[in-house]
Amino acid sequence: MARSLFVLLLTVVFAFALHAQTNAYVPNQNSGTVSVINTATNTVTATITVGSSPDGVVASPDGSRVYVSNFGNGTVSVIDTASNTVVATIVTGGAPANLTITPDGTTLYVPDEFGNSVFVVDTASNTVTGSVVVGFGPLSASVLPNGTRAYVGNFFDGTISVIDTATNTVIASIAATTFPTLMHVTPDGTRLYVTDEFLNSVVAIDTATNTVVATISIGGEEVFGLAPTRDNKKIYVGTFGSNTVSIIDRATNNVVPPLITVGTNPVGMEFTPDGKFLYVANFGDNTVSVISIATNGVVATIPVGGGPLGLDITDLTVPFRRFDIDALVTTHQEFIEVGSFTLGNLSKGIDPVHTPVKVTVGTFSLTIPAGKFLKIDGTPNYIFQGAIHGMNVLFILTGDPAARSFAYFVDVHGPDLTTQPNPVNAGLTIGNNAGTDTVRHF
């Protein structure tokens, strides 16, 4: 059956797409709000009330949710990006700081700065499922692109805790610098860069060996936020006390010109998905500076709320223009699904190699993490075959990049979906593209 269904798939083609809307989300610590910036117009399009003293922010990989840690009242606010409203509040307790999310979007790691631990949050249920004891004063966290390790900077003891995300245990402690402040793993996953607020430096850590390979003096006063470029070539670093952004050349680990003047007290920063612009939250003057990477100059200054601290940027979830499940066959130990879809007009397209793919059938969901799919040489087709959470999965995506429609085949051994409602709501999410359908299963 699987072979014949795959043959049918080869007759279906798929699509290019236009530009999706991209938003920056900026927590304003003094206002208890999050400013939403449309990066196409550089205007604030919404202001969302969250918890007390919002600090860190991270978007889900599919762009459907934004998570904001509220340092002042021990919570994490969950924002639905489609409506820009808070749809859930996760009670963590403690003092949640700069949080991070796994590439498959299933788990948040939330440092508790005063509790010397990291909360582990299940995003499906929006509940704390455990905690991991780390060093003294965990302030920030970052996850490898393959999702296997989470790094946590412990501000008061100068160490970086390395967490195995499969077991949620600390497997290494890196003596990194005196006051690890904020951190960011590079897109290629080979380096972790960590700022030191008081030594005015950045350390580079080799993630394969968990050793410090460079300490880079930035100069200025209070080196704070940082962001790697999408092409892995440079690191942009903000200096809180000097109101500037410096640039590190990754090839040499040297600071290179120019020195870019931004607003007062730059902290959080992030690049747009296309890598062309860097957005910098300026805590001291309640603005966001927009830097063009082509010129390394500020091209816009956007007023936001009081005390902008963190910043993250995401492409919003774009619904498929058409999504059809052509067949859904369930047994007690397997299900097979065949479907097709057309991208929405605002979609930037799909990239299964570098984005997570999620399949849902009723209450069941399965996420294939980013980096698992392979592109079949010489074709526009993609395939994943392997184990996910003990289930054997085959997922085939076929198409033609000159057209506008996709087709897929998925075969999963392990789950029993015969108890799901009939008909059942089922869905597919690839990156920030998503769709649902109601279908009978047999």
Magnitude of the Cβ-charge dipole of the stretch 308-411, K/R +1 and D/E -1, about the Cα centre, nearest 20 debye? 200
For the chain, what does the helix formula give at 222 nm: sum of -39500 (n - 2.57) over DSSP H segments with n ≥ 4, over the residue count, nearest 500 deg cm²/dmol? -500 deg cm²/dmol
Cα-based convex hull, the stretch 83-239, per residue volume (Å³, whole number): 121
State, to one decimal in nm², a quarter of the convex hull surface area for the C-alpha atoms of the stretch 353-402, i.e. the direction-averaged projected area. 4.1
What net charge do the residues around V110 carry, taking every other residue with its C-beta under 13 Å from that of V110, with Lys and Arg at +1 and Asp and Glu at -1? -4
If you line up the Cα atoms of the stretch 386-442 on their principal axes, what length do they span on each, largest first, in Å? 40, 27, 22
Which residues among the stretch 345-388 fall inside the zone where the amide N is under 13 Å from a point 7 Å beyond the Cα of T436, along Cα→Cβ? 360-364
In nm, what is the difference between 0.36 nm times the number of residues separating T331 and Q385 and their Cα-Cα distance? 17.4 nm
Summed residue charge, Cβ within 12 Å of D324's Cβ, Lys/Arg positive, Asp/Glu negative: -1
Just the number: Rg to Rh for the stretch 48-89, Cα atoms, Kirkwood Rh, two decimals. 0.95
Positive-end residue, the chain charge dipole about Cα centroid, Cβ charges, pick of P308, T342, T41: T342
All-pairs alpha carbon distance profile, the stretch 224-336, 5 Å steps from 0, percent: 2, 11, 19, 19, 13, 7, 5, 4, 5, 5, 6, 3, 0
At what distance in nm do the modelled label points of K375 and K234 sit from each other, each positioned 7 Å from its Cα along Cα→Cβ? 2.6
For the stretch 130-145 and the stretch 168-232, distance of Cα centres in Å: 14
Expressed in nanometres to one decimal, the distance between label points 7 Å along Cα→Cβ at N425 and N392 is 3.3
Per 0.36 nm of contour for each residue apart, how much would the distance between V256 and T89 grow if the chain were fully extended, relative to their Cα-Cα spacing? 55.9 nm
At a threshold of 8 angstrom on Cα-Cα distance, excluding pairs fewer than six apart, so keeping six or more, what relative contact order does the chain reach in percent? 15
Once R0 is set to 45 Å, what does the formula 1/(1 + (r/R0)^6) return for the Cβ-Cβ distance between D188 and T43, expressed as a FRET efficiency to the nearest 0.05? 0.85
Dividing the Cα radius of gyration by the Kirkwood radius, what Rg/Rh value follows for the stretch 260-326? 1.19
Among K276/K372; K276/K348; K233/K276; K234/K348; K234/K276, the pairs whose Cα-Cα distance exceeds 22 Å are K276/K372; K234/K348
So if we plug the beta-carbon distance of R322 and A175 into 1/(1 + (r/R0)^6) with R0 = 35 Å, what FRET efficiency do we get, rounded to 0.05? 0.05
Computed over the Cα atoms of the stretch 124-187, what is the ratio Rg over Rh, Rh following Kirkwood? 0.98
Suppose every Lys and Arg Cβ carries +1 and every Asp and Glu Cβ carries -1, with no other charges. What dipole size does the stretch 22-315 come out with about its Cα centre, to the nearest 20 debye? 320
Mean shadow of the stretch 25-135, computed from the convex hull of its alpha carbons, in nm²? 6.7
What Kirkwood hydrodynamic radius do you get for the stretch 22-315 when you take the inverse of the mean 1/r over all pairs of distinct Cα atoms, in Å? 18.4
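Rule-based calculations on the coordinates, nothing more; no lab input. Predicted model only: the values in this text are computed from it and were never measured. Glycine also receives a Cβ, built like all others from the backbone with ideal geometry; neighbour counts cover every protein chain displayed.
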